[in-house]
1. Given the residues PHE34, PHE72, PHE14, which is the only one that is in contact with a Lys or Arg (Cβ under 7 Å, 6 or more places away or on another chain) and either part of a loop (DSSP other than H, G, I, E, B) or modelled with pLDDT of 90 or more (or both)?
2. Would you point out the residue of the range 236-290, among those that are surrounded by 15 or more Cβ atoms within 10 Å (Cβ to Cβ) and acidic (Asp, Glu), that is nearest to LEU387 (Cα to Cα)?
3. From (1) modelled with pLDDT of 90 or more; (2) surrounded by 11 or more Cβ atoms within 10 Å (Cβ to Cβ), pick out the condition that doesn't hold for ASP48.
4. May I ask you to list pairs of residues, at least six apart or on different chains, whose Cβ atoms are under 7 Å apart, with the first in the range 193-219 being under 19 Å from PHE81 (Cβ atoms) and the second being at pLDDT 90 or above and among the charged types (D, E, K, R)?
5. Filter the range 37-69 for residues that are part of a helix (DSSP H, G or I) and of a type in the set (Phe, Trp, Tyr); which is nearest to the chain's Cα centre (by Cα)?
6. Checking the condition in contact with a helix residue (DSSP H, G or I) (Cβ under 8 Å, 6 or more places away or on another chain) and within 16 Å of LEU67 (Cα to Cα), which residue from ALA264, ALA235 passes?
7. Among the residues of the range 79-109, which ones are more than 18 Å from the chain's Cα centre (by Cα) and over 14 Å from LEU266 (Cβ atoms)?
Amino acid sequence: METPLEAQPVKRPFLTPGVIVLLIIAANGLIWSFLRFYLGLGAVTNLDNQHPWGIWIGIDVASGVALAAGGFTTSALVHIFHREDFHHIVRPAIMTAMLGYTFVALGVMFDLGRYYNIWHVPIMGNSNSVLFEVGICVMTYVSTLYVEFFPVVTERFMGRVHMHGLLRKLNKITDLTLRWIDGFLQKTMFFFIILGVVLSCLHQSSLGTLMMIAGHKIHPLWQSPITPLLFLLSAISVGYPMVIIESLTASKSFGLKPEMDVLARLGRFVGPLLGVYLGFKLGDMVIRGTYVYLMDINLESIMWVIEVLFGVIIPMRMFFWDKVLHSRTLLLAASYLAAFGVLMFRINVFLIAYTPPYSFKSYFPSLGEISITLGLIAIEILLYRVLVLIFPVIAQPAKSIKPKTKFALRGVIK
């Protein structure tokens, strides 16, 4: 009989040599962040009137949204398509997506000149704007992710509220409040899961619409009427590889046994998904005849080949190979290549393919932009480690077989 698994806080020390390195990178990012907000965009970035966005949009936002797609793809697999055998990878996927989208929102804040007016979006936004739709969907989905994660919080603290001193009078009412919220979410969570999947599909595709309407400013290799569909398909195809990366990296970091059987089965979905994405991408190229631009050896054609060859074709072939699916190293490599492909797609569209009108020089990120981006990534990883040490997120061998709650995201899996 298989060992029962139960989501539990990980019992490991927080500080490790790797964590110390991340803390240094995060501290450097925070210093540059202070300079950005105190001195303004011009003091720390290479942005100008011809290049209104850089890696904060191309990587932190556009790529971050796609790489956080594991949350809605895994939720859909388990709760909509009822694949309960993938049940215990939902929590880490939801938490990773929650952190990812939180830092996507922070990335937007860094890029906005008047960041303090971001609250204007839901109140004064133009409902005919594609960017308005993206903003509303992302804001709503971030809130939805926090709602989806909250049952983990109630499970962790229900029956364990032990405040001292004057606050001890609040113990009972706090516990009752947690139990009420837990019961309410058990009855309504399916609505939030459906809402999260729908919102994800909307804003993933709308990011493509945003660049499609740029017209001739985008190189023909990426300027396509089906760009919204390609953005959505690329996000869906990278969702499961990101879950695999998170699971294998976390198991190695915390000294846990990797769930290779579950991850191998999950990996079987990736090959067909990448195949569908590749089919639409190449079919669109043939129909529009833009393959002729590959005959020119320039930055755009080289980047397109790198994106498709190393980020789609090679990982697609690897995910169809049983030897890869049952090898931790090869499965992780294939997943990283799939993530690399989507990352390159977003970078190519937002940075390489985009040619601003009247531009007199090319854009390259400044030290401040790079430092802030790396700092945000480091802080996100550190928060992941903090949360899994505190909350029952990662499935581990169960101490008992009695589930603590009824909701499908929780309990013991045999």
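1. Details: PHE34 fails: in contact with a Lys or Arg (Cβ under 7 Å, 6 or more places away or on another chain); PHE72 fails: in contact with a Lys or Arg (Cβ under 7 Å, 6 or more places away or on another chain).
So the residue among PHE34, PHE72, PHE14 that is in contact with a Lys or Arg (Cβ under 7 Å, 6 or more places away or on another chain) and either part of a loop (DSSP other than H, G, I, E, B) or modelled with pLDDT of 90 or more (or both) is PHE14.
2. GLU246
3. (1)
4. Final answer for the pair search is ILE193/GLU148; GLY196/GLU148.
5. In this case the residue turns out to be TRP56.
6. Working: ALA264 fails: within 16 Å of LEU67 (Cα to Cα).
Testing whether each residue is in contact with a helix residue (DSSP H, G or I) (Cβ under 8 Å, 6 or more places away or on another chain) and within 16 Å of LEU67 (Cα to Cα) leaves just ALA235.
7. Taking the range 79-109 as the starting set, the residues that turn out to be more than 18 Å from the chain's Cα centre (by Cα) are 79-88.
Matches in the range 79-109: HIS79, ILE80, HIS82.
Residues are listed down the side, and each one gets a yes or a no for (1) modelled with pLDDT of 95 or more; (2) surrounded by 22 or more Cβ atoms within 10 Å (Cβ to Cβ):
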{"site": "PHE319", "(1), (2)": "yes, yes"}
{"site": "VAL349", "(1), (2)": "no, yes"}
{"site": "ILE352", "(1), (2)": "no, no"}
{"site": "PHE360", "(1), (2)": "no, no"}
{"site": "TYR384", "(1), (2)": "yes, no"}
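The values are calculated or read from the model by the stated rules, or taken from the named source; none is laboratory data. Here the structure is a predicted model, which is why all the values come from computation and not from measurement. A quick note on method: Cβ atoms are made from the backbone with ideal geometry, for glycine too, and the neighbour counts reach across all protein chains shown.
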